[in-house]
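The values are calculated or read from the model by the stated rules, or taken from the named source; none is laboratory data. The model shown is predicted, which means the values in this text are computed figures rather than measured ones. Positions of Cβ are backbone-derived with ideal geometry, glycine not excepted, and every protein chain shown enters the neighbour counts.
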Amino acid sequence: MRFFILTILLFLVINCPVCAQKITAAGQPAQLDIRASGTHSIRITLKPVSFPGNFPYTPAVTERKYAAPVISLRNLSKPVKRKVGNLNVEVLPAPLTIIVTNAKGEAVQKLVFSENGDLSFQLSDHPVLGMGEGGPKPERGTDWHDQLIQFDRRGRMDSMQPRWQGDAYGSRNPVALLIGTAGWGLFVATPWVYVDLKEKEKGIFIPWKSPGTVIQQNESNQQLNSGKGIHPVNKIVPGLYDVFVFDAHNPADLMKDYAAITGPAAMPPKWALGYMQSHRTLESDAQMLSIIDSFRIKKIPLDAVIYLGTGFTPRGWNKQQPSFEFNPEVFKRSAKDVLADMHAKNVKVVVHMVPFDRDKLPTLHGTIPAKNGEVLDAGHIQNYWLPHVELIKTGVDAFWPDEGDWFDLFERIKRHQLYYQGHLSINPNIRPWSLQRNGYPGIAQWGGWVWSGDIESSWKTLEGQVAVGINYSLSIGPYWGSDIGGFYPNEELTGELYARWFQFGAFCGSFRSHGRTWWTRLPWGWGGNDLGPLEGNRYPLKTELNNPAIEPIIKKYDELRYQLLPYTYTLAWEARNTGMPLMRAMWLHYPDDEKVKGMGTQYLWGRDLLIAPVFQKGATTREVYLPKGAWYDWWTDKKVTGEQVITRDVDLFVMPIYVRAGAIIPTDPVRQYTSEMVSEPTTLKIYPGANGQYTLYEDDGISQEYLKGKGIWTTITWNDKEKKLIIQPGRASKISNNVPSKRKFKIELIPGVTKMIDYNSKPVTVLF
């Protein structure tokens, strides 16, 4: 009898709705919603019942409609299992636990919400990548030159503190986007969290908590950590979580869903993929023009000149920053006439900008044009944009917004939006471009490009930038770069280091030389006998000058960048449509190869080119790991078997580049600027040894017509067994300016067999 009564009571406890566990968040009644967010991802929202709306707002997540939740719970007494999109989800009580598997039954993640507000997740012996830009801050008393570069993020408690940083990593722009190479991804859109990865089997997201009185940060107190770069403190809701879970067993699925969630990358103007030369202390407008002339005379390709503002250099393009007025000490003639002369030499003009402090720019909010209901006050981006308009009318093509580290996260993203929407408000059919110090998911839709900030000129820094660029590209956006040569010069900066850095820079989204002792950042700077204007108290050795060997190397890799423009521009289209960045972790294309998962010393430029930067002083060899399949040495066309580490001899002219067998690489004749018309045809380089297919994308390179589908897609297919190439129209193309419907292609079957064919947008078969 007693047993019978206990059984009945147990049944009632389990099945009684009143007895079910109430879901809570920060001690408040809460609701758990789980819905599909993409083909291979779900969105988990845990919110206090008192919270209005479906999701917390963040500009990191693009605005679009989401389906109703498949799982919506306020009470939980027993496990709940549902299929959410293409993933299987099980929710367990006490503690609130969510287990996610994919359609094949493979484990994706297990999340556990703790009563103290933390959120734990599973780790394994596989590397964890992403987490934004930058790396750990060196501990006091240690020499960062001697420390290992962090690529795999495991093993540390990451404070996730946005900060200026020099050394090997540069600026820290942290993102709680973790990519587990075991086959999972997690993006905590809300709240701002610390990330604890010290344990081997469990990671923990720990919500940021206010230390007490929070003072709005500004230029003078930006060294404090009182809310800069993180969620606005006044918008933090205790217990509120908005988390995306990705199935990353096929890494391309993660990247595609992540791009859809954070906003597809805007196509850049093609000129932004060319070489950019930055300047510092200026003498006169005549000097500015003479430098452009030197590029043209020497036939060193150049697309943009960038000018620093006064205050960041003794004499820049403008009056003391922040200023929108041209510097009369530099511009002896009308600035409009000088910029017109620059445009006549086929370069774009980019100027350095610094935001007003909080007295004139109390915040950044709004849209351009302003929407109904927005308050057009001093902090509205439409009002702040107005002073920029006259600069554009004078001939400025783009902006380099610097500083602003004191802005909170939402303001930082809004600043990217400002320079995108603002420019379109003046020139609605010309693609905007800007280069900024701070980035976060959500900036790609506003054409966001980021550079790694003020880094040291050192071999260790060059090594670190490779890992930094890969992790940035996985977790923030497709367009990143570093100051070629490093920003802070010292005795370690030599022609050799600059040449090696330039080689690496030719395979980064942003291809720009910049730094103090800026004459040594000119392609011919190491061949002269003068360091130029000196800043700071550390300089390269003058004995390193008069080195004529450097300029030909710089020219060679600059030309290679321009030869590969058809390939790289197609990568920009892929970034927009697939979320795959230009600079790709080896893992993205070889997820089953254990050797590449934690490899942050080499990377793929698109699917088909393997780049191995040289970052050892005086190197005569470079070890390179080639994944499964056959590979070709770019420089010699020598075929090499993969799944092995090879040792490549390197002189200063050689940075190892390998091409995957089955690849089809389009190359163009060398241009002096991206829009230069050339008479020679595009070459299609075919690397045999496997079947291959490639779609070449082309458009006018400058307008917004790509948003209407205007472009040319050409599909090229290689049948390796039959030695047959088929060229045919890809998707339904619409006529695009500057892309001929009738053209010639030069077909080069590596090694050395060439044919010339006519193509008029109808299928053509070429036999070898």
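Applying the condition of being under 17 Å from LEU129 (Cα atoms) and among the basic types (Lys, Arg) to region 151-189 and asking which residue is surrounded by the fewest Cβ atoms within 10 Å (Cβ to Cβ) yields ARG156.
In a residue-by-residue description of region 607-614, the property of being in contact with a helix residue (DSSP H, G or I) (Cβ under 7 Å, 6 or more places away or on another chain) and more than 21 Å from ILE686 (Cα to Cα) applies to at least one position. Selection of region 597-625 for residues being within 25 Å of THR695 (Cβ to Cβ) and crowded, with 18+ Cβ neighbours inside 10 Å yields TYR603, LEU604, TRP605, GLY606, ASP608, LEU609, LEU610, ILE611. Just one of the listed residues (SER290, SER294) is under 21 Å from THR517 (Cα atoms), touching a residue at least 12 places away in the same chain (Cβ under 8 Å) and outside any loop (DSSP other than H, G, I, E, B), and it is SER294. Is it true that some residue in region 415-422 is out of contact with any helix residue (DSSP H, G or I) (no Cβ under 6 Å at 6 or more places or on another chain), over 27 Å from THR313 (Cβ atoms) and surrounded by fewer than 24 Cβ atoms within 10 Å (Cβ to Cβ)? Yes, region 415-422 contains at least one residue that is out of contact with any helix residue (DSSP H, G or I) (no Cβ under 6 Å at 6 or more places or on another chain), over 27 Å from THR313 (Cβ atoms) and surrounded by fewer than 24 Cβ atoms within 10 Å (Cβ to Cβ). Just one residue in the set GLN728, GLN693 is within 27 Å of TYR632 (Cα to Cα), touching a Pro at 6+ places or on another chain (Cβ under 9 Å) and surrounded by fewer than 20 Cβ atoms within 10 Å (Cβ to Cβ); that residue is GLN728.
Taken residue by residue, region 228-237 has at least one member that is farther than 22 Å from ILE476 by Cβ and of a type outside the set (Val, Ile, Thr). Among the residues of region 459-484, the one identified as over 18 Å from LEU435 (Cα atoms) and either aromatic (Phe, Trp, Tyr) or not in a helix (DSSP H, G or I) (or both) is TRP459. Whenever a residue of region 735-748 is modelled with pLDDT under 95, its partners that are aliphatic (A, V, I, L, M), lying with C-beta atoms within less than 6 angstrom and at least six residues away or across chains, give the pairs SER736/ILE712; VAL739/ILE712.
Residues checked against (1) surrounded by fewer than 21 Cβ atoms within 10 Å (Cβ to Cβ); (2) more than 25 Å from PHE51 (Cα to Cα); (3) among the acidic types (Asp, Glu):
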residue	(1), (2), (3)
THR213	yes, no, no
GLU219	yes, yes, yes
GLN223	yes, yes, no
VAL237	yes, no, no
VAL245	no, no, no
TYR258	no, yes, no
ILE261	no, no, no
MET267	no, yes, no
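Taking the stated definitions as given, is GLU574 surrounded by fewer than 22 Cβ atoms within 10 Å (Cβ to Cβ), part of a helix (DSSP H, G or I) and touching a Phe, Trp or Tyr at 6+ places or on another chain (Cβ under 6 Å)? Judged against the criteria, GLU574 is not a match.
Within the set LEU148, LEU186, the sole residue that is modelled with pLDDT of 95 or more, in contact with a Leu (Cβ under 6 Å, 6 or more places away or on another chain) and not assigned by TED's automatic domain parsing to the domain that holds ASP402 turns out to be LEU186.
The residues listed here are GLY689, GLY701; of these, the one that is over 30 Å from PHE295 (Cα atoms) and at pLDDT 95 or above is GLY689.
Only residues that are over 24 Å from ASP293 (Cα atoms), surrounded by 16 or more Cβ atoms within 10 Å (Cβ to Cβ) and either charged (D, E, K, R) or at pLDDT below 95 (or both) were counted in region 490-549, giving 6. Look at region 525-552: where a residue is touching a residue at least 12 places away in the same chain (Cβ under 8 Å) and a partner is acidic (Asp, Glu), sitting 6+ places away or on another chain with Cβ atoms under 6 Å, you get GLY527/GLU551; LEU541/GLU491.
If I ask for residues that are surrounded by fewer than 18 Cβ atoms within 10 Å (Cβ to Cβ) and without any contact (Cβ under 8 Å) to a residue 40 or more places away in the chain, which ones from region 651-673 would you list? Once the filter is applied, which keeps residues that are surrounded by fewer than 18 Cβ atoms within 10 Å (Cβ to Cβ) and without any contact (Cβ under 8 Å) to a residue 40 or more places away in the chain, region 651-673 yields only ASP651. Residues that are small (Gly, Ala, Ser) and surrounded by 17 or more Cβ atoms within 10 Å (Cβ to Cβ) within region 126-148 comprise GLY130, GLY132, GLY134, GLY135, listed in sequence order.
Pairs needed: first member in region 595-623, in contact (Cβ under 8 Å) with a residue 40 or more places away in the chain and in the same structural domain as TRP501 (by TED's automatic domain parsing); second member anywhere, part of a loop (DSSP other than H, G, I, E, B) and surrounded by 19 or more Cβ atoms within 10 Å (Cβ to Cβ); C-beta distance under 9 Å; at least 6 residues apart or different chains. Between residues of region 595-623 that are in contact (Cβ under 8 Å) with a residue 40 or more places away in the chain and in the same structural domain as TRP501 (by TED's automatic domain parsing) and residues that are part of a loop (DSSP other than H, G, I, E, B) and surrounded by 19 or more Cβ atoms within 10 Å (Cβ to Cβ), there is no close pair.
With respect to VAL678, is the statement that it is outside any loop (DSSP other than H, G, I, E, B), of a type in the set (A, V, I, L, M) and without any contact (Cβ under 8 Å) to a residue 40 or more places away in the chain true?
Working: outside any loop (DSSP other than H, G, I, E, B): no; of a type in the set (A, V, I, L, M): yes; without any contact (Cβ under 8 Å) to a residue 40 or more places away in the chain: yes.
For VAL678, the condition - outside any loop (DSSP other than H, G, I, E, B), of a type in the set (A, V, I, L, M) and without any contact (Cβ under 8 Å) to a residue 40 or more places away in the chain - is not met.
Answer yes if at least one residue in region 303-321 is of a type in the set (Phe, Trp, Tyr) and surrounded by fewer than 17 Cβ atoms within 10 Å (Cβ to Cβ), and no otherwise. Yes: region 303-321 contains one or more residues that are of a type in the set (Phe, Trp, Tyr) and surrounded by fewer than 17 Cβ atoms within 10 Å (Cβ to Cβ).
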